[in-house]
Amino acid sequence: MKLSIAALALAGVCAATAATAAPRCVDLRDIRSAKSDDGKVMTFTLSNGKTVYNRLQGACPGLRFNGFEWTIRGPQQVCEGQQSLRVLQSGEICVLGKFSDEKPKISTEKTG
């Protein structure tokens, strides 16, 4: 019985560790450019030639036409799920979602 309780406790610790994995971050100095053609996905071109994508947590249509600024607090990094940006002309606030090495597929279907 003691063995099974210890095994359950260990499994719980492992599950909690996996659920709280550190977010993926990109150093600001490594970002050559960042843009969004649709207001839903940010495309980051890095100084090493790689491209990474980030599906925003919500639509941010002003990104298609206007520049933006980061507000960085702490380390000089842009982290998924934690970083926000502000569209210069409209003042929209957009929050990054998950980073991906492949461009996310966005549905263009209208619901309603």
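Okay, here's what the table says:
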read-out	value
Unique residue being surrounded by 10 or more Cβ atoms within 10 Å (Cβ to Cβ) and modelled with pLDDT under 90 when the list is Ile93, Ile5, Ile72, Ile31	Ile72
Output for region 36-52, where each listed residue is over 18 Å from Ile72 (Cβ atoms) and either assigned to a helix (DSSP H, G or I) or not hydroxyl-bearing (Ser, Thr, Tyr) (or both)	Asp37, Asp38, Gly39, Lys40, Val41, Asn48, Gly49, Lys50
Filter result (assigned to a loop (DSSP other than H, G, I, E, B), within 16 Å of the chain's Cα centre (by Cα) and within 16 Å of Asp38 (Cα to Cα)) within region 53-101	Leu56, Gln57, Gly58, Ala59, Cys60, Leu96, Gly97
Qualifying residue in region 88-95 (condition: closer than 17 Å to Cys25 by Cβ, in contact (Cβ under 8 Å) with a residue 24 or more places away in the chain and in contact with a Phe, Trp or Tyr (Cβ under 7 Å, 6 or more places away or on another chain))	no
Set Val95, Val52: member being of a type in the set (A, V, I, L, M) and touching a Ser or Thr at 6+ places or on another chain (Cβ under 6 Å)	Val95
Total residues in region 43-70, condition among the hydrophobic types (A, V, I, L, M, F, W, C) and out of contact with any Leu (no Cβ under 9 Å at 6 or more places or on another chain)	4
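The values are calculated or read from the model by the stated rules, or taken from the named source; none is laboratory data. Values in this document were obtained by computation on a predicted structure and should not be read as measured data. Neighbour counts run over all protein chains shown; Cβ positions are idealised from the backbone, glycine included.
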